[in-house]
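Quick notes on the structure that follows.
The values are calculated or read from the model by the stated rules, or taken from the named source; none is laboratory data. Here the structure is a predicted model, which means the values were calculated and not measured. Because the Cβ atoms are built from the backbone with ideal geometry, glycine has one as well, and the counts that use them run over all protein chains shown. Just so you know, the surface numbers come from the protein's heavy atoms only, side chains and all, with ligands and any DNA or RNA stripped out. Shrake-Rupley method; radii C 1.70, N 1.55, O 1.52, S 1.80 Å.
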Amino acid sequence: MLTATLAFAGVAALINVTPGLDTLLVVRTSVAHGRTGGYAAALGIITGCLAWGLATAVGLTALLTASHLAYDTLRIAGAGYLAWLGITALWRSRQQGRHDGEMDAADETAASPDASQGRLAAFRAGLATNLLNPKAGVFYMSLIPQFIPHGAAVFSTTLLLTAIDVLELAIWFAVLSRAASALGERARRRSFRRRMEQISGITFLGFAANLVLAERA
């Protein structure tokens, strides 16, 4: 069990630090809304991972590969949500562009939305992008069983490996959020924030297109 656990921890760590949708969401939110916003987005993602891990432990994720309809429904819903995030980010960058030079840093802070609402929105975005991505479920279903030793209790071992993955994600997201929020604090120019929204919007749309065009696992 110890050997399998350590092996899984190593593989999961490599996968977790590979740039992807989750990384983009945490970095973008941290730059725009500070460290607490990034933490909220990360908490949403982690909550989704816990849900996928529990679903894997009870065998629910097998439905994603057994049912073409279930997989495609979740895939299209996820792509639609990512497209909405992308369009929203691009629209926000356009609105910011109209007001460049009209507000200084103090005005921008005063005009920003309530912090608690921003954190809640960030949490919802992290949770939704994870739960509406069928690849996340397939990832847990295909990876974790490979590291369950023969004869070990599937349910408890799956939860243990999920906990390890979630802990690694929490550490990685904390590092990312601190670094990205520090960058955001130093680059207070609205043009920088606007460019970040543009890059994020295009990338979200790219992820949406990839999810739409992806072959069923």
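At a glance:
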item	result
Extension gain (nm, one decimal) between residue 1 and residue 171, 0.36 nm per residue minus Cα-Cα	58.9 nm
Estimated inter-spin distance, residue 76 and residue 117, nm [label 7 Å along Cα→Cβ]	3.3 nm
Cut-off under 5 Å, modelled amide H: who pairs with residue 61 long-range	56
1.4 Å probe accessible area per residue over the range 1-70, in Å²	45 Å²
Calculated FRET efficiency for the pair residue 62/residue 94, C-beta based, R₀ 35 Å, to 0.05	0.20
Heavy-atom accessible surface of the range 1-95: percent carbon and sulfur, 1.4 Å	75 percent
